[in-house]
Amino acid sequence: MKRIADGVHQLKGFPPNGINVFLVKDVLIDAASRHATRRILRQLRGREVNAHALTHAHPDHQGASHAVCDALDIPLWCGEADAAAVEDPSLIGKRQPSHPVAQLFARALTGPAHAVARTLSEGDEVAGFKVLDVPGHSAGHVAFWREADRTLILGDVLNNMNVMTGIPGLQLPKPYLTPDPDLNRRSAKRLGELEPSVVCFGHGAPLRDTRKFVDFLAALPS
Ligand SMILES: [Zn+2]
């Protein structure tokens with residue numbers, strides 16, 4: 001795995017930066033699709049991992065969550081409004097737009113149910129990061145913010161890659177994978193105001209260009 005910031009590591013994925021998983025101190029953030037289980041567990045071998053937190057309950061983030069939590073005997077945490085979908089993954093597809101791509105992802109990537117041990121909401125603390133409520137891409141989407149070194153882990157509020165083509169670049173998540181694009185855009189604009197020095201995305205490489213991030217979000221309609 002690759003060090004991104006103090007105590008923040010990005011696990012290797014395939015293709016690189018395609019679907020990101022981060023180890024933040026002793027908390028695993030996101031768990032890619034159910035097909036990534038062995039790759040994640042292999043990289044965590046010998047590391048201290050005491051909890052698993054989700055940015056949001058979508059198939060490419062909770063796919064391996066159940067298997068990883070079982071294998072490591074660690075609790076699963078997620079945003080309050082996504083907890084029902086983590087515990088009943090049939091809700092994941094139901095809450096997505098009816099677009100065929102969203103429904104295909106739901107069928108192909110969704111992992112099994114797992115009990116949520118702790119629900120996260122604005123102001124909670126996870127591994128030295130503050131939880132921010134950033135709904136829109138999912139109802140209970142959260143981001144993790146560490147003001148001390150301005151590190152932001154934002155899930156899919158913004159992508160740094162086109163998730164369909166793999167071409168790098170900042171963009172809002174696809175509207176057909178986002179139940180409430182207007183709300184998500186407002187959440188994204190809020191994150192731009194933080195002026196982070198490094199941004200970790202669910203999709204795409206980490207970004208250290210604060211100006212690029214801030215300007216992209218400031219230019220979006222409110
Ligand atoms: Zn995603």
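The values are calculated or read from the model by the stated rules, or taken from the named source; none is laboratory data. None of the values given here were measured: they were computed from a predicted structure. Because the Cβ atoms are built from the backbone with ideal geometry, glycine has one as well, and the counts that use them run over all protein chains shown. Protein only, heavy atoms only, side chains kept; ligands, DNA and RNA dropped before computing areas. Shrake-Rupley method; radii C 1.70, N 1.55, O 1.52, S 1.80 Å.
Inside region 38-76, can you point out the residues that are in contact (Cβ under 8 Å) with a residue 60 or more places away in the chain, among the small types (Gly, Ala, Ser) and within 13 Å of the ligand (Cβ to nearest atom)? Within region 38-76, ALA57 is the sole residue that qualifies.
The residues in region 149-196 that are more than 14 Å from the ligand (Cβ to nearest atom), open to solvent by 50 Å² or more (accessible area, probe 1.4 Å) and within 18 Å of LYS212 (Cβ to Cβ) can be counted, and the count is 6. In region 202-215, the residues that are under 17 Å from MET1 (Cβ atoms) form Cβ pairs under 8 Å with partners that are part of a helix (DSSP H, G or I), at six or more places apart or across chains, as follows: GLY202/ASP60; GLY202/HIS61. Just a yes or no: is a residue in region 129-139 surrounded by fewer than 18 Cβ atoms within 10 Å (Cβ to Cβ) and of a type in the set (A, V, I, L, M)? Within region 129-139, none of the residues are surrounded by fewer than 18 Cβ atoms within 10 Å (Cβ to Cβ) and of a type in the set (A, V, I, L, M).
Restricting region 6-37 to residues that are away from the ligand (no atom under 16 Å from the Cβ) and open to solvent by 10 Å² or more (accessible area, probe 1.4 Å) leaves a set whose member that is farthest from ARG146 (Cα to Cα) is THR37. Taking region 176-222 as the range and being within 22 Å of LEU28 (Cβ to Cβ) and assigned to a loop (DSSP other than H, G, I, E, B) as the test, the residues that pass are PRO196, PHE201, GLY202, HIS203, ALA205, PRO206.
Residue by residue, here is whether (1) modelled with pLDDT under 95; (2) farther than 16 Å from HIS203 by Cβ; (3) among the hydrophobic types (A, V, I, L, M, F, W, C) holds:
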position	(1), (2), (3)
HIS9	no, yes, no
VAL49	no, yes, yes
ASP60	no, no, no
TRP77	no, yes, yes
GLU80	no, yes, no
SER98	yes, yes, no
LEU104	yes, yes, yes
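Selection of region 83-96 for residues being within 16 Å of the ligand (Cβ to nearest atom) and either touching a Phe, Trp or Tyr at 6+ places or on another chain (Cβ under 7 Å) or open to solvent by 50 Å² or more (accessible area, probe 1.4 Å) (or both) yields only ARG95.
Check whether at least one residue in region 38-52 is among the acidic types (Asp, Glu), within 19 Å of GLY166 (Cα to Cα) and out of contact with any strand residue (DSSP E or B) (no Cβ under 8 Å at 6 or more places or on another chain), and report yes or no. Explain how you work it out, then say what you get.
Looking only at region 38-52, we keep the residues that are among the acidic types (Asp, Glu), and these are 48.
Narrowing further to those that are within 19 Å of GLY166 (Cα to Cα): none.
Taking every residue of region 38-52 in turn, none turns out to be among the acidic types (Asp, Glu), within 19 Å of GLY166 (Cα to Cα) and out of contact with any strand residue (DSSP E or B) (no Cβ under 8 Å at 6 or more places or on another chain).
Scan HIS66, HIS114, HIS99 and give me the residue that is touching a Cys at 6+ places or on another chain (Cβ under 7 Å), open to solvent by 30 Å² or more (accessible area, probe 1.4 Å) and not small (Gly, Ala, Ser).
Answer to the selection: HIS114.
GLU80 meets each of the listed conditions (1) free of Cβ contacts under 8 Å to residues at least 24 places away in the same chain; (2) open to solvent by 60 Å² or more (accessible area, probe 1.4 Å) apart from (1).
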